[in-house]
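Have a look at the structure below before the remarks.
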Amino acid sequence: MSNFYGVGVPPEDPEKRDKEDSIKREELATEVSEHAPSDQLEERVENAIELKEIEGLSQGRIVFRRFVRHTGAMISLTVLFLVVVLAFSSIGIDALGLHLRGWWKWEYTLPHNIVNGAHPTLSLIPQWLGGSGISLGDHPFGQDEVGHDTFAQVMRGMQQSLMILFVVGLVSTAVGTIIGAVAGYFRGRLDQLLMRLTDVVIIVPLILLAAVIGRTFQNSGSFLLAVVLGLLIWTSLARLVRGEVLTLREREFVDAAKVAGASSWRIMFRHILPNAIGVIIVSATLTMSAAILLETGLSFLGFGVQFPDVSLGKLISDYSASFNTRPWLFWWPGSFIVIIALSINFIGDGLRDAFDPRQKRLLNRSARAAKSAAREKAANAGA
Amino acid sequence: MVTFLSRRLIASIIVLLVASYIVYVLTCYSGDPLQDLRTSTARNKQTLIENRIHALNLDVPPFLRYFIWFSGLLRGFIGQFDLGKNIQGQAVTSQLGAAMGSTLQLVTTATLLAIIVGVIVGITTALRQYTSYDYSVTFLSFLFFSLPIFWLAVMLKQYLAINFNDFLQDPVIAPGIILIVSLIAGIAWLGILGGGWRKRLITFGIAALTTAIVLEFFSATRWFAHPGLGIVVVFVLGIGVAFLVTTLSAGLANRKALYSSLSVVVLGTALYYPLNYLFLYPTTGWTILILAIIALLVAGAIGWFWGGVDRWVSVRTAAIVVVLMGALILVDRYMQSWNVYANSDEIGGRPIATIGSSTPDLIGSFWVQGLDSFTHLLLPTAALLLASLAGYTRYTRASLLEVMNQDYIRTARAKGLSERAVVMRHAFRNALIPITTIVALDFGALIGGAVITERVFGWVGMGQMFQQALGAGGSPWPDVNPIMGVFLVTGIAAVVFNLLADLIYTSLDPRIRVS
């Protein structure tokens, strides 16, 4: 759903996770019937193979295996890891009293002598193809009109954007989970109150709050902005968690815990929430991908990260006027936003698939071969 | 039902009031609305400050000033609706009215297109699950979803608008481009239609060849400089539309439905010249509306006359066809005005606009004005469309896949129904239920204006108004009354569309009852 800013979280699949359904199917598969019609037989054989594949594995193990098999998610994870390493190793870390120098020679704050007419010096075409060889040059991503090194700026912007999306993800997941769990578990008045509070937070324009915060705490940096954004975009997660808790609290294991004398908080955090972890993780990832777009959008409008510091959105905003003369100032930060958001979205998709109990697609190759063999066999038996 | 609705409504109004109080007070405390005057060097500085304090009641502390604003709202009941004034002393209501109109224009077009395209693409990907077509669409929708809209917008401005305008100077398509586009078209159709290798090859060949011929024709006749369809193309396209709509809506086996839609096409073609003659007289939106109503009635009558097993199927099919046929004739008429528009003094041969919602001082007929809105809407709509398309595509796909796994679909297949009937009548309709609610909610959210899109394209809508009040572009801030005006519209839209979504859901899904 898109919201007021044109950024949002991709919609969840409309289906509710129906674990009982898969349990039923598994039971069905284990029981043997000799007079079953071929179609049913075929399904049972298939299920038996699937069952065999996950035999003796814990739930966490199964989810992990499914996730590892999701090619898109694995590629995205690698890309994201490389991007994070690049951003933090190149220009070093300068935060929380820590001052580590990176391997990159230029500072992002200082202008340098203009080389190559400020054009990017990065060259990727090897000499035997008629290019100038693979080399970085002095300013691989080019420079702006004053001489700032774009590579250093983009790396700094990326550090900011990554920090913001991480903090936003953490804060919003914590707040959303707690509010959703409390509302769903205690129900009644408290639930009503919390859900109306959620409505209020949804309805207050985010851009306004960001602007107000930005103005009031002009110099406290982007960390505060991240925390505030996190305190504002937990709403969809809270609703999802509430729905999940509402169904989970009626299950037998909750009754068992209650009879054993566990306190409400213990039941909530030890028994119910671990069972809702799928919804929480998936939603947290998608919130993060929405957060990076939100941050860049706000910075673009001038309400996000403020002057001496840079972020990817702010770089694009600052240089959007010079698109005709220096397109690289615009291309590089934009591409990195896309790379980060895209890989997070794919990771979220992979996690969603991995947590889905009805997922049948990602069998490994040998199991797939066995499945098609079984199908043929069943078809022959039926004919 | 009534109790449910009234309870929801009351709760929403309370939420809205609380939120509006928070917004008002926060905004007021975020800055000093007299800042620009305090630092000014004007002689009459003191009078100016006093005037503004008087006009905006700045002598009242914000947490009480809210109630002055609120009383203006309440006076709406006795016909004196008042949202206060902005810092320049203009009434917010008039400013808001204009902004709402232009935002609605932008958002409605983009949302409608996104829904139509998104649903169609979603259905095709669901029907071709786990094919390379499905994977490519999934990748593309994730990609569009990950694009910052302002980045996309600047790209569109640079590459689409400017290059297309350059292209229009000499509209000849290079052979290399024709080749690439034809290959892409071939691959796309091959992916969508699927089938065995033989069928795929044939699909590829036909699609690529057709595209190449059409493009070559456009290039050779310099069609883009003098676009137009003409009666023959309208007729041929109409026949195509008739067959397509009948296939989807009734199935070709239903002869009566096919005959009704073909009759509509023949009648539409016969009226081509008379209509064009009619359009020589000054035309307005009302003329078009009246013609559309007449056309729908006539089409309904044709469907009814042909009848069939189920009369209403024929009526429905004929009605859909007549809408599309009318659209074809209108598009043709607009194209006839293209030359007048593109070569007018104000446009100067570069018709695709990158800024604003209309060309200032453009004088022209209804058709020229329409083309002007079209060229201005094109880019922002494209940006919004690409950004929101992903959501609808994914959602439709998931929803249809869910439905296709249901037992009643198996039953329908077991009865021996055709695949068309299974998909269109049993699966698609049920898959639409969750989509309608998403559409309602989305539309409510979008009315607030696409802030970023409006800024990039210089569109003076509610987003722009909001930003200006927040101090973008050096205007004094915080300008609380316009902010509250925009907030009121978006808040009410959110509440109304939320309710609407609930109502639609309950009326479409008989399993859900509200109490």
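Within the range A:166-213, the set of residues being of a type in the set (Gly, Ala, Ser), more than 23 Å from B:ALA11 (Cα to Cα), buried (at least 19 other Cβ atoms within 10 Å of the Cβ) and away from chain B (no Cβ under 14 Å) comprises A:GLY169, A:SER172. Taken as a whole, the condition of being closer than 21 Å to B:GLY195 by Cβ, within 13 Å of another protein chain (Cβ to nearest Cβ) and among the polar types (S, T, N, Q) applies to B:GLN129. Any residue in the range B:198-214 that is out of contact with any Leu (no Cβ under 6 Å at 6 or more places or on another chain), assigned to a helix (DSSP H, G or I), at pLDDT below 90 and open to solvent by less than 90 Å² (accessible area, probe 1.4 Å)? No: the range B:198-214 contains no residue that is out of contact with any Leu (no Cβ under 6 Å at 6 or more places or on another chain), assigned to a helix (DSSP H, G or I), at pLDDT below 90 and open to solvent by less than 90 Å² (accessible area, probe 1.4 Å). Residue check: is B:SER141 within 14 Å of another protein chain (Cβ to nearest Cβ), of a type in the set (Gly, Ala, Ser) and more than 18 Å from B:ILE452 (Cβ to Cβ)? Yes, satisfied. Restricting the search to helices (runs of 4 or more DSSP H) fully inside the range A:217-299 and requiring at least 2 residues that are more than 23 Å from the chain's Cα centre (by Cα) gives A:235-248, A:252-259. When the range B:303-325 is filtered for residues that are in a helix (DSSP H, G or I) and open to solvent by 30 Å² or more (accessible area, probe 1.4 Å), the ones remaining, listed by number, are B:TRP304, B:PHE305, B:TRP306, B:ARG311, B:TRP312, B:ARG316, B:ILE320, B:VAL323, B:LEU324. Of all the listed residues (B:LEU179, B:LEU156, B:LEU160), the sole one being open to solvent by 30 Å² or more (accessible area, probe 1.4 Å), within 14 Å of another protein chain (Cβ to nearest Cβ) and either over 27 Å from the mean Cα position of the chain (by Cα) or not small (Gly, Ala, Ser) (or both) is B:LEU160. If you go through the range B:12-62 and keep only what is of a type in the set (Ser, Thr, Tyr), part of a helix (DSSP H, G or I) and within 14 Å of chain A (Cβ to nearest Cβ), you end up with B:SER12, B:SER20, B:TYR21, B:TYR24, B:THR27, B:TYR29.
Selection of the range A:300-349 for residues being open to solvent by 30 Å² or more (accessible area, probe 1.4 Å), part of a loop (DSSP other than H, G, I, E, B) and either in contact (Cβ under 8 Å) with a residue 24 or more places away in the chain or facing chain B (nearest Cβ under 10 Å) (or both) yields A:GLY302, A:GLN306, A:PRO308, A:ASP309, A:ASN324, A:ARG326, A:PRO327. Open to solvent by less than 50 Å² (accessible area, probe 1.4 Å), in contact (Cβ under 8 Å) with a residue 12 or more places away in the chain, over 30 Å from B:ARG455 (Cβ atoms) and not in a helix (DSSP H, G or I): is that true of B:ALA185 in this structure? Considered against the rule, which asks whether it is open to solvent by less than 50 Å² (accessible area, probe 1.4 Å), in contact (Cβ under 8 Å) with a residue 12 or more places away in the chain, over 30 Å from B:ARG455 (Cβ atoms) and not in a helix (DSSP H, G or I), B:ALA185 comes out as no.
Residue count for the range A:288-299 under the criterion of being hydroxyl-bearing (Ser, Thr, Tyr) and more than 9 Å from chain B (Cβ to nearest Cβ): the result is 1.
Within the range B:412-427, the set of residues being away from every other protein chain (no Cβ under 14 Å) and either open to solvent by 40 Å² or more (accessible area, probe 1.4 Å) or charged (D, E, K, R) (or both) comprises B:LYS415, B:GLY416, B:LEU417, B:SER418, B:GLU419, B:ARG420, B:MET424, B:ARG425, B:HIS426.
The values are calculated or read from the model by the stated rules, or taken from the named source; none is laboratory data. From a predicted model like this one, the values you see are computed outputs, not experimental measurements. FYI the Cβ positions are ideal-geometry reconstructions off the backbone, even for glycines, and counts take in every protein chain you see. Accessible surface is based on the protein model in full, side chains and every heavy atom, while ligands, DNA and RNA are left aside. Shrake-Rupley method; radii C 1.70, N 1.55, O 1.52, S 1.80 Å.
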